[in-house]
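Accompanying notes for the structure given below.
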């Protein structure tokens, strides 16, 4: 085998090692890397998807949540995921007990952020609205917040629960089949808040950031990537070795 062929093989192996560390699209429960609650082996499982929309680019990531007993809610899942992934932080409106901001240390360099501050909304007189103070995160991380100038829209798929519909002045049943694959997901605007939404096996919940405070439309849901777990020391070492191999191979190829 000549030198060029050997270098080509080394180069291919180096790329394969590095690509194996990257999160892939979530096609089903088996693609989830980070599980909260009772974990991936629990008798019941659900998925949380968070989608930031920054400069017309959607950043969508998914986490799993498992439970063996009880009737957890969407808020239970959100808080469990927040606790399980140290790179994720969820901020709540100080007076409304609703989601206000979400931060994700996407490059996993243990960076911090400056949270935004919620403004006040006069729904009858938009001119009197006090705007939100935007937060700040470093380049490469994700952070969006909103109350007066944006909001985290909540949608669900899968569930069977009864809620009170104030418009109909009657109890209504939300019924949607669960799914272990993303292809089986049909997103519905949640008829209740996440604290009242009952999960079922195969549930999917998503929070999507929208800045449309006029029509209150929500950007389309994008198929998520699996939120990546922090590499083990051996995996991190493999990444460094792969990068070194790639650099060496490139120099050798240029010298040929």
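The values are calculated or read from the model by the stated rules, or taken from the named source; none is laboratory data. Computed from a predicted model, the values in this text were never measured in an experiment. As a convention, Cβ positions derive from the backbone with ideal geometry for all residues, glycine included, and neighbour counts pool all protein chains shown.
State yes or no: is residue 140 under 23 Å from the mean Cα position of the chain (by Cα), in contact (Cβ under 8 Å) with a residue 12 or more places away in the chain and buried (at least 18 other Cβ atoms within 10 Å of the Cβ)?
no
Condition check ((1) assigned by TED's automatic domain parsing to the domain that holds residue 100; (2) assigned to a strand (DSSP E or B); (3) in contact with a helix residue (DSSP H, G or I) (Cβ under 8 Å, 6 or more places away or on another chain)) across all residues:
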{"position": "122", "(1), (2), (3)": "yes, no, yes"}
{"position": "139", "(1), (2), (3)": "yes, no, no"}
{"position": "143", "(1), (2), (3)": "yes, yes, no"}
{"position": "147", "(1), (2), (3)": "yes, no, no"}
{"position": "154", "(1), (2), (3)": "yes, yes, yes"}
{"position": "164", "(1), (2), (3)": "yes, yes, no"}
{"position": "168", "(1), (2), (3)": "yes, no, no"}
{"position": "179", "(1), (2), (3)": "yes, no, no"}
{"position": "186", "(1), (2), (3)": "yes, no, no"}
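Being more than 17 Å from residue 34 (Cα to Cα), in contact (Cβ under 8 Å) with a residue 24 or more places away in the chain and outside any strand (DSSP E or B) is the filter here, so list the residues in region 75-95 that pass it.
Within region 75-95, 75, 93, 94 meet the criteria.
Return only the number of the condition from (1) closer than 18 Å to residue 199 by Cβ; (2) without any contact (Cβ under 8 Å) to a residue 40 or more places away in the chain that residue 55 does not satisfy.
(1)
Residues are listed down the side, and each one gets a yes or a no for (1) buried (at least 16 other Cβ atoms within 10 Å of the Cβ); (2) without any contact (Cβ under 8 Å) to a residue 12 or more places away in the chain; (3) under 17 Å from residue 74 (Cβ atoms):
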| position | (1), (2), (3) |
| --- | --- |
| 166 | no, yes, no |
| 171 | no, yes, no |
| 176 | yes, no, yes |
| 181 | no, no, no |
| 187 | yes, no, yes |
| 197 | yes, no, yes |
| 211 | no, no, no |
